[in-house]
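The values are calculated or read from the model by the stated rules, or taken from the named source; none is laboratory data. Bear in mind that the values here come from a model prediction, so they are computed numbers and not experimental data. Neighbour counts run over all protein chains shown; Cβ positions are idealised from the backbone, glycine included.
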Amino acid sequence: MRFTRTSKALGMVAIAALALTGCGAGGGSNDGASQSAGDPNKVITAYSNEPQNPLLPANTNEVYGGRVVELLFEGLRSYDANGKPVNSLAESIESPDAQNWTIKVKQGQKFTNGEAITAKTFVDSWNFAANSKNLQNNGFFFESIEGYADVSAVTTATAADGKKTTTPAPTAETMSGLTAKDDSTLTVKLAQPEADWSLRLGYSAFFPLPSAALADPKTFGENPVGNGPYKFEKTGAWVHDQSISLVKNADYSGPRESKNGGVTFKFYTDPGPAYTDLQGNNLDVTDVLPSNALKTYVTDFQDRNSTKAVATNSTLNIPGYNPNFQGEAGKLRRQALSYAINREEIAKVVFNGTRTPAKAFAPPVIDGFKEGLKGSEVLKFDAAKAKDLWAQADKIQPYDKSKPLQIASNTDGGNKEWIDAVANGFKNNLGIQAEIQPFAKFAEVLNLRKSQSLPGLSRAGWQGDYPSLYNFLGPVWATGASSNYEKYSNPQFDKLLQEGLAAKTTDEANAKFNQAQEVLFEDLPGLPLWDQARPIVWSENVVKAETGWNGGILYYNITAK
Amino acid sequence: MVRFILKRLLQVIPVFIGTTLLVYYMVFALPGDPIAALFGDRQPPQAVIDTLRSQYHLDQPFWVQYGLFLQNLFTFNLGNDFTGQPIAGSLARVFPVTAMLAVEALAIQAIFGVAFGVFAGLRRGGWFDSTVLVVSLVVIAVPTFVLGFVFQLVFGVQLGWAKPTVGANADWGSLLLPAVVLGLVSFAYVLRLTRASVSENMNADYVRTATAKGLSRPRVVIAHILRNSLIPVVTYLGANLGGLMGGAIVTEGIFNVPGVGNKLYQAVLRSEGPTIVSIVSVLVLVFVVANLLVDLLYAWLDPRIRYDQ
Amino acid sequence: MTSNNSHFVAPIDETPLLATDTVKTDQAPLSLWSDAWRKLRRRPLFIISALLILALAVVALFPGLFSAVAPNDGCVLANSEGGSTDGHPFGFTFQGCDIYSRVVHGTQASLSVGILSVLCVLVIGVTVGALAGYYGGWVDAVLARLGDVFFALPLILGALVITQLPFFRENKSVWSVVFVIALLAWPQMARITRGAVIEVRNADFVTAARSLGVSKFGALVRHVLPNALAPIIVLATLELGVFIVAEATLSFLGIGLPQSIMSWGNDIAGAQASIRTRPEIMLYPAAALSITVLSFIMLGDAVRDALDPKSRQR
């Protein structure tokens, strides 16, 4: 904490006020911090927030529930700190043709309630997750498996007023491509070959579920029973809006064995107070810093911070329905906008190095990432070129400047600072009016994006589900994809993606995916901005903390002092 | 008197209907699909969204939704919020915390506001008066989010006198710091209202009479000047109790207090009609009772005020 | 009028009978206010505060006179959080904008928000509160409960909904913020007014005026309200500052003024980005805000003194 004279003055006022009110503030303990080094039985506290769904792996698709689920369950594979998948419950995963997969499941594994885990457990769990009437958010992760279309089928009814309602209507209860040959052999037949399919087996959607979960998912999700490195401290360990307490699962044997006695997730609705709590050693570790601490966390937490590149990137989407960005002129303008963003400077000044300028549509930490793709020169800041391209576009079709160019964003996630900076860049380098279009609620932006009625640009962020190039391209830019709200569509891009998926080896696949990115650079439906590094800080009560490939803290690796 | 009180309590009914109707309609009018918003960047299958929408009756017209809410209320079942948690349970968690915070803040601002206001009013233009003027300017001009932050840093981190945040298991001690911050802005109001009344009343006839009778100065100040100066202060405090019970969004956010304000803010951001209206329903009761108490206090403070006319 | 108190039976400082005396004179309604004005213009407190407010008004109307730098252009990130340099006495904001010119140009919107909101709140709140407190009975029941309904509205919900109304969405301006604040803040003013009126309505001088033939409503306007002004003025002057800060909160939530309109509130909210590195950036708009509130508090004090016969200084 840099303490300047003014803030000291403010502090003095504060002291005076408290002295006047004459209160001796009580309870300054910090949970009796112990001095002994490396206590494997001590429980650590970590930043989190209220999970939005019952804690079922196939239903949890947001970070705060996700981090709990990942500690409670163990899948066929897990990802090491660098994002490399390692076999966990799987003994081996093999496929001769990238379409028919044989997975050998380790024997003798149990859930903490004593239920055995066999190949059939996986068949049941996956069929449950994919079945549309179970309404699991992550059901679509099984879409590659043969028979998925039947179990996930829905019907859409149109009411008299034109409103459409989709209701689940599975035509089968099990996926035909999924069979348990015996207790230890799981065979999976995909609808078509997919070289990188096994990469995703460490994602939480693929975790095994005990039979209680399938019988009553909602009740189970309140007090989940898993097979991971941790378990619920007790029934009701999830105190809503306050905390979740996990303790070490002594029976766990796998790559992620816990080095502490447990993890208590304390819920915060804002990262600011958590940061202050950490400064007061009232919290042990956080992976979300308030944006105004990006310049100070290294000094506030000397030797107690780490910043590592993660598989998360940000883009600025340019809707194709905006008349200013259509046709040949629109293409030139998109390039001009990209050249007018000084990514280097914003990464340094606004983010203090916790972002690195984007080099492609996927971050460098992903296997297969390639720098210098054709067309990626638009990511370099070049004010002269930007101005020139903008002028060229104006000759083809004049820019409608009746309204300022707006960049839509919710204001509660620390986005305002960089958007202001980008808008100022547009103003200074292109001579146009530009400003943030602030929304109090993320839902409003999403709604406008979905209904294609956003007047200007919008920001988007993507965090990888599993470490694969495809995961950064398919769900975001493919025709009709789930997160392709601006409805970008290019058949050539779709074709390259499909070819990549069907490739026999990951190298071949990645080559295709990189070709697909060159199509994106040609079209620029969005401007890659930067890739994230995840800064984390920890208290004096723990030895060290580190993040995994996706920026999540490896809680099991933290040792309390 | 009893009739007056009963009449006032009966007035809860129209206020309740008016408020819940208005609030429910406002939530209904908020743009954006609240169910889709639950999922952020990663949208679930449409069937999930549609099923949830019908589960929460969001596909129904406004009057049906409001009717269902009333029906639920009268069967003492507030239903579930969008994450599937019972609303009654969350109300039972947040209201005690905020009530503690409100009482503490109210006590701080009432005690110090009135005491300082009396001293400032008796010696207008003196050094004490000028000092408290500056203090009240500071607390008005510095937004709560800054004040709270500075307090947290100084007392919670640097001096270590209190825990920087409240979090789970809130108690009187851990709520003291946010209560001070919360009380400070209103403290300025109470102080200046008291000061104005006191300086207005100190030259009144009855004060001269009391002094002439030979009463001691403290007795004159407390029994005569202060008692007659309290009406605006009591009005303000009564209104403020309502405001405090509604939760202080900024202060509760800074100190991570799991109270009404935090819950309400999250609910508004998620357009969670049932949660918002349930909270507001409780608040309406609090307001009406607080107002009633204030009116009864008027009559006690100033016997000339009569309600049974 | 020739002399100060020619038509009074006794020196004004000695008796609190101004009100009853006034109704006997021919220029009855005028004399209370003209009398106040004569006292007011001699008080240094009033002169200082009036000059300060005049200065603020000039800055608000002609910001270009005080700052040559266009505040919203030429924000260069390279200057982020820079200290004071030639031509930029207060240094730069997080986005590298000139702080001095932003404070100068923010005066207009902030003063407008503050003053207009207070005026709206005064008009609605005092009217409702005075009628409710003075007439009592069912008038009180209806008006006070109406206030309760609005008081129960959560601020952000109200603000979110109102700013989403098509009219305000298309024309985000000072008025949309004023509307939000006024709509949610008037019940407080109404309650204070109501309380003060209830306290005064049974006073002897009111009874006296009524028995001298003043109409019931006339007594409210001429005798009850002037004697109930003290808490109203206190509340109004403090609220001026609170409303200007409230605009900061609304702007911070994305439902206040648009970025293109400069205001102290916007700047205070924006300075949060620098609060850990250069907290003094926030002090400049906050200081401007304090000076404004101080001027109005002093003005309010002086006006109240002049109007209120009881609290005149010996």
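Has segment B:139-159 got any residue that is in contact with a helix residue (DSSP H, G or I) (Cβ under 6 Å, 6 or more places away or on another chain), touching a residue at least 24 places away in the same chain (Cβ under 8 Å), over 30 Å from C:Ser295 (Cβ atoms) and within 10 Å of another protein chain (Cβ to nearest Cβ)? Yes, segment B:139-159 has at least one match.
Condition check ((1) within 14 Å of chain B (Cβ to nearest Cβ); (2) part of a loop (DSSP other than H, G, I, E, B)) across all residues:
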| site | (1), (2) |
| --- | --- |
| A:Pro455 | no, yes |
| A:Pro467 | no, yes |
| A:Gly474 | yes, no |
| A:Lys487 | yes, yes |
| A:Lys495 | no, no |
| A:Gln498 | no, no |
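Scanning segment B:244-269 for residues that are within 10 Å of chain A (Cβ to nearest Cβ), outside any helix (DSSP H, G or I) and aliphatic (A, V, I, L, M) yields a single hit, B:Val257.
Checked against (1) touching a helix residue (DSSP H, G or I) at 6+ places or on another chain (Cβ under 6 Å); (2) within 22 Å of A:Glu50 (Cβ to Cβ); (3) in a loop (DSSP other than H, G, I, E, B); (4) not aliphatic (A, V, I, L, M), A:Phe220 passes all but a single condition, namely (3).
Taken over segment A:406-436, the residue count meeting the criterion of being in a strand (DSSP E or B) and touching a residue at least 60 places away in the same chain (Cβ under 8 Å) is 1. For A:Thr158, are the conditions met, namely being surrounded by fewer than 14 Cβ atoms within 10 Å (Cβ to Cβ) and among the hydroxyl-bearing types (Ser, Thr, Tyr)? Here the answer is yes, as A:Thr158 does meet what is asked. Looking at segment A:223-289, the strands (runs of 3 or more DSSP E) lying wholly inside it that each contain 3 or more residues that are more than 13 Å from chain B (Cβ to nearest Cβ) sit at A:230-232, A:243-248.
When the residues of segment B:167-178 are filtered to those that are within 9 Å of another protein chain (Cβ to nearest Cβ) and of a type in the set (A, V, I, L, M), the one that is surrounded by the fewest Cβ atoms within 10 Å (Cβ to Cβ) is B:Ala168. Counting only strands (runs of 3 or more DSSP E) that fall entirely inside segment A:71-158 and contain at least 2 residues that are within 14 Å of chain B (Cβ to nearest Cβ) and among the polar types (S, T, N, Q), the qualifying elements are A:154-158.
One residue alone among B:Val280, B:Val286 is in a helix (DSSP H, G or I), under 14 Å from the mean Cα position of the chain (by Cα) and surrounded by fewer than 21 Cβ atoms within 10 Å (Cβ to Cβ), and that residue is B:Val286. The number of residues in segment C:248-296 being hydroxyl-bearing (Ser, Thr, Tyr), closer than 13 Å to C:Val113 by Cβ and part of a helix (DSSP H, G or I) comes to 3.
Being facing chain B (nearest Cβ under 10 Å), among the basic types (Lys, Arg) and under 19 Å from B:Ala239 (Cα atoms), is that true of even one residue in segment C:140-148? The answer is yes, given that some residue of segment C:140-148 is facing chain B (nearest Cβ under 10 Å), among the basic types (Lys, Arg) and under 19 Å from B:Ala239 (Cα atoms). Restricting the first residue to segment A:352-373 and requiring it to be closer than 20 Å to A:Tyr470 by Cβ, which pairs with a second residue that is basic (Lys, Arg) meet a Cβ separation below 6 Å and a spacing of at least six or different chains? Close Cβ pairs satisfying both conditions: A:Glu371/A:Lys359.
Counted as qualifying within segment A:159-217 are the strands (runs of 3 or more DSSP E) with 3 or more residues that are at pLDDT 90 or above, namely A:178-182, A:185-189. The selection criterion, being crowded, with 19+ Cβ neighbours inside 10 Å and within 28 Å of A:Leu501 (Cα to Cα), does not hold for A:Ile117. Of the residues screened, B:Phe62 is not one that is within 13 Å of another protein chain (Cβ to nearest Cβ) and under 32 Å from the mean Cα position of the chain (by Cα). On the basis of being over 20 Å from the mean Cα position of the chain (by Cα) and surrounded by 21 or more Cβ atoms within 10 Å (Cβ to Cβ), does B:Gly117 make the cut? Taking the combined requirement at face value, the residue satisfies it. Here B:Arg124 passes the criteria (1) in contact with a Lys or Arg (Cβ under 9 Å, 6 or more places away or on another chain); (2) buried (at least 21 other Cβ atoms within 10 Å of the Cβ) except the one numbered (2).
You will find that of B:Ser90, B:Ser136, the residue that is over 18 Å from the mean Cα position of the chain (by Cα), surrounded by 16 or more Cβ atoms within 10 Å (Cβ to Cβ), hydroxyl-bearing (Ser, Thr, Tyr) and facing chain A (nearest Cβ under 8 Å) is B:Ser90 and no other.
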